[in-house]
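Since the structure comes first, as structure tokens, the remarks are kept for the end.
Rule-based calculations on the coordinates, nothing more; no lab input. The model shown is predicted, which means the values in this text are computed figures rather than measured ones. Quick reminder, even Gly has a Cβ in these numbers, built from the backbone with ideal geometry, and neighbours come from all protein chains shown.
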Amino acid sequence: MEVRADGVAVITISNPPVNALSLDVLASLQKNYVEALNRNDVKAIVLTGAKGRFCGGFDINAFGNKPKNAKPGSVSIDFLTDIVEDAHKPSVAAIDGIALGGGLEVAMVCHARVSTPSAQLGLPELQLGIIPGMGGTQRLPRLVGLPKALEMMLMSKPIKGKDAHDLGLVDAIASANELVSAACSLALEIVEQKRPWFKSLYRTDKLPTLGEAKEILKIARVQAQKQAASVQHPTICIDVIEEGIVSDPRVGLMKEVLSGKMLEESSTSKSLRHVFFAQRATSKAVVEDILLKQQIFSDLEKYCRHNCIFATNTSTINLNLIGQKTSSPDRIVGAHFFSPAHVMPLLEIVRTHQTSPQVIVDLLDMAKKIQKVPIVAGNCTGFAVNRMFFPYTQAAVFLVDYGLDVYHIDHVITQFGMPMGPFRLADLVGFGVAIASRNQYLQSYPERCYNSMLLQILLEDNRTGESSRRGFYVYGDSRKASPDPDLRKYIEKSRTMTGVVENHKLMKLSDNDIVEMIFLPVVNEACRVLDEGIAVKASDLDVASIMGMGFPSYRGGVMFWADSLGAKYVYTRLEEWSKDYGEFFKPCEYLAARARQNASLAAVVDGAQSRL
Ligand SMILES: CCCCCCCCCCCCC[C@H](O)CC(=O)SCCNC(=O)CCNC(=O)[C@H](O)C(C)(C)COP(=O)(O)OP(=O)(O)OC[C@H]1O[C@@H](n2cnc3c(N)ncnc32)[C@H](O)[C@@H]1OP(=O)(O)O
């Protein structure tokens with residue numbers, strides 16, 4: 001929320017890629033609204049969406065995952081109607097891109113709407129086997145008339161902003177650049193009583209007489225029965241609309257809430273929501289299957305132009321293998337996005353020895369166009385970021401195997417500045433992915449992997465991380481991670497299987513020692529990445545660590561931070577630990593050379609030839 005000098009509070013919904021109303025977003029929207037309504041420096045409110053999209057509706061993932069104790073109507077009635085629509089300050093929706101489902105419903109709760117001409121406005125809930133559940137069944141007929149509202153809802157048919165303006169659903173049209181300022185001006189005109197202050201729920205000027213309404217609804221029922229006899233939600237939608245016209249719009253709101261809750265639990269809605277996501281999954285991450293990828297690139301080569309770039313978002317398959325069935329190795333390149341791709345800014349552009357410089361330059365250009373931060377990496381298991389960070393979790397698990405507490409380690413690493421500790425991250429990534437990646441590194445760098453049984457043991461007991469609500473932590477309804485006392489038995493089993501016993505020296509490590517035992521092996525591997533030419537320069541690895549792994553930017557990135565300790569100090573610590581705990585900590589030659597010359601890790605020094 002931003003409060004402008006003219007007294008308008010602009011609240012922006014931001015939840016890429018479609019600004020869906022997740023439970024967190026709804027809670028945040030309500031919190032910001034209450035704050036705006038209470039602030040003396042706020043006269044009016046404008047609600048808009050980030051990145052050219054107002055809102056794609058309620059978060060479809062949230063269906064079936066709502067808090068068990070959620071009061072029916074808490075959003076539709078208590079918040080949207082009683083707080084927003086009945087507020088003593090006007091709200092205006094500034095709509096660009098999309099206002100669909102709950103997104104349009106929230107816009108209709110506002111006292112006016114400004115839209116770009118091409119925006120899509122609609123209530124497509126029936127495509128998901130449900131009905132609008134934030135007041136749309138009551139407000140849409142009162143804004144566009146009953147016949148048009150029935151068509152938009154029963155056909156799930158959106159309309160464009162310019163048509164919505166003709167219908168009276170939208171009060172003004174503006175270009176994308178002028179949208180928010182136009183909405184602010186309109187809001188202030190309402191405050192100054194230069195424009196009417198409408199509450200959509202109570203408008204009647206667009207409604208037909210009761211008799212006409214009953215006739216229109218009767219015809220709609222017949223059509224709904226003809227078009228979709230095997231499902232009930234279209235008829236229920238008509239019943240809810242009718243309730244609000246025959247009785248009272250607030251009674252209609254409650255009927256909408258209760259009907260929506262019942263439909264949400266129906267097998268029809270569960271099936272249609274599955275189809276919604278399944279349709280989008282068909283175009284997805286082709287699995288990490290080397291033969292399938294080889295075939296795809298071989299087929300693409302037959303049909304694409306001679307200068308078409310063949311990029312793959314692989315994170316573990318050797319690129320040289322992917323292009324094996326093509327005669328265009330110069331056009332094969334890796335484009336490794338970090339999950340979630342629509343949020344994480346980093347893009348690893350991975351070249352083989354045969355990738356042409358032009359392809360690299362073209363991808364660097366594309367990266368900028370899609371607002372990503374590119375780093376160029378060489379082709380090896382894990383490329384640059386995942387390669388240098390593979391010791392991160394392994395070092396943390398090593399410390400747990402030898403007696404340290406999982407939750408204390410996560411706390412220390414979070415205090416150091418990471419967004420979350422290695423064990424919370426492992427839960428988020430999921431143990432299946434973590435084990436698959438570890439096996440790749442075991443295969444490529446066996447001499448310096450620490451191979452614990454802990455993850456495997458947890459996975460075998462169906463503890464897969466956050467997705468199964470049990471990993472290193474346990475997870476409640478709100479995704480809150482809580483320590484799990486049961487974890488101890490898995491750690492004991494892991495120690496027994498690997499013959500490891502608690503180490504009292506390690507158990508006395510200071511917090512700073514814990515940070516260094518986890519991050520200095522990462523620095524060591526980053527030095528190898530530089531030594532092998534996988535990364536072009538140390539500062540690229542600083543950017544990669546910050547943007548790919550969340551390393552604290554105020555420490556300059558992983559290599560800059562290591563330089564603040566000094567190559568000699570880093571070398572000495574690793575050398576000590578390798579004597580006590582093995583090859584996992586053994587410092588590489590690149591680091592040794594710089595320690596000898598007390599040089600920066602970014603420096604090119606004589607006498608330190610790459611072993612490649
Ligand atoms: C505070 C505590 C409260 C507790 C109680 C809460 C009670 C609340 C009761 C609410 C009742 C329901 C209210 C409402 O009426 C119901 C709805 O709003 S249902 C949703 C309605 N909206 C839609 O149906 C729109 C669906 N989406 C689309 O049509 C298209 O995605 C699009 C928006 C037109 C964009 O199209 P494209 O650009 O082609 O992009 P994609 O389709 O590929 O989508 C991109 C990406 O986004 C994901 N996504 C899209 N829409 C949603 C969504 N609504 N929810 C979640 N995710 C969505 C889509 O899956 C893609 O994901 P990816 O494949 O990239 O992972």
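Spacing of the modelled spin labels on residue 373 and residue 342, each 7 Å from Cα toward Cβ, amounts to 2.2 nm. Sequentially through region 3-19, phi angles give Karplus couplings (6.51, -1.76, 1.60; θ = phi - 60°) of 9, 7, 4, 7, x, 9, 8, 9, 9, 10, 7, 9, 7, x, x, 10, 6 Hz, Gly and Pro residues having no value and appearing as x.
Sum up the charges of everything whose Cβ sits under 11 Å from the Cβ of residue 102, counting Lys and Arg as +1 and Asp and Glu as -1, but leave residue 102 out.
Here the count lands on -3.
Using only side-chain charges placed at the Cβ, +1 for Lys and Arg and -1 for Asp and Glu, the dipole size of region 163-208 relative to its Cα centre rounds to 240 debye.
Given labels modelled 7 Å from the Cα in the Cβ direction, how far is it in nm from residue 219 to residue 38? Rounded to a tenth, the inter-label distance reads 5.1 nm.
In the chain, helical runs assigned H by DSSP with n ≥ 4 each contribute -39500 (n - 2.57); averaged across all residues and rounded to the nearest 500, the mean residue ellipticity at 222 nm is -14500 deg cm²/dmol. If you look at the Cα atoms of region 323-427, you get an Rg and a Dmax of 17.8, 53 Å.
Shape annotation for region 2-265: C-alpha extents along the principal axes are 55, 40, 31 Å, from largest to smallest.
For the residue pairs 368/537; 199/255; 43/71, alpha carbon separations beyond 22 Å are given by 43/71. With both labels modelled 7 Å from their Cα along Cα-to-Cβ, the residue 313 to residue 266 distance reads 3.4 nm. Tally Lys and Arg at +1 and Asp and Glu at -1 over the other residues with C-beta under 14 Å from the C-beta of residue 218: what net charge comes out? With Lys, Arg at +1 and Asp, Glu at -1, the neighbours total -1. Shown in residue order for region 69-78 are the 3J(HN,Hα) couplings computed by the Karplus curve 6.51 cos²θ - 1.76 cosθ + 1.60 at θ = phi - 60°: 8, 4, 6, x, x, 4, 8, 5, 9, 5 Hz (x for Gly and Pro).
Here's the list of aspartates and glutamates a cross-link from residue 261 could span, going by alpha-carbon distance under 14 Å and ignoring same-chain residues fewer than 8 apart: 125.
Annotation: the residues 195, 479, 305, sorted from fewest to most other C-beta atoms within 10 Å of their own C-beta, follow the order 305, 479, 195.
In terms of its Cα atoms, region 290-377 spans 33, 24, 23 Å along the principal axes, sorted from long to short.
Listing 327, 115 from fewest to most neighbouring C-beta atoms within 10 Å gives 327, 115.
Which one, 371, 444, 308, is farthest towards the positive end of the dipole of the chain when Lys and Arg carry +1 and Asp and Glu -1 on their Cβ? The listed residue farthest towards the positive side: 308. The string of couplings for region 170-177 from the Karplus curve (6.51, -1.76, 1.60, θ = phi - 60°) is 10, 8, 7, 10, 8, 6, 4, 5 Hz, one whole number per residue in order, with x for Gly and Pro. Only Cα pairs under 8 Å and 6+ residues apart enter the sum, and on that basis the relative contact order of region 290-377 stands at 24 percent. Packing-based ranking of 262-273, 11-22 yields 11-22, 262-273, ordered from highest to lowest mean Cβ neighbour count within 10 Å. A simple charge model with +1 on the Cβ of Lys and Arg, -1 on the Cβ of Asp and Glu and nothing else charged puts the dipole of region 10-74 at about 100 debye relative to its Cα centre.
When the charge dipole of region 60-108 is built from unit charges on Cβ atoms (+1 for Lys and Arg, -1 for Asp and Glu) and taken about the Cα centre, the candidate among 103, 75, 61 whose Cα reaches farthest toward its positive end is 61.
Could you pull out which residues in region 98-127 have an amide N less than 13 Å from a spot 7 Å beyond the Cα of residue 176, following the Cα-Cβ vector? Answer for this model: 98, 116-120. A full extension of the chain between residue 488 and residue 300 corresponds to an added length of 62.6 nm, given 0.36 nm per residue minus the alpha carbon distance. Working from the Cα coordinates of the chain, the gyration tensor eigenvalues give, after taking √(5λ), semi-axes of 54, 27, 25 Å in decreasing order. As a proxy for reagent exposure, 330, 540 were ordered by neighbouring Cβ count within 10 angstrom, fewest first; the result is 330, 540. Cross-link partners of residue 160 among lysines, defined as those whose alpha carbon lies under 22 angstrom from its own and excluding same-chain residues fewer than eight positions apart: 51, 148, 206.
For the chain, a simple Cβ point-charge model (Lys and Arg +1, Asp and Glu -1, everything else neutral) yields a dipole of about 760 debye relative to the Cα centre.
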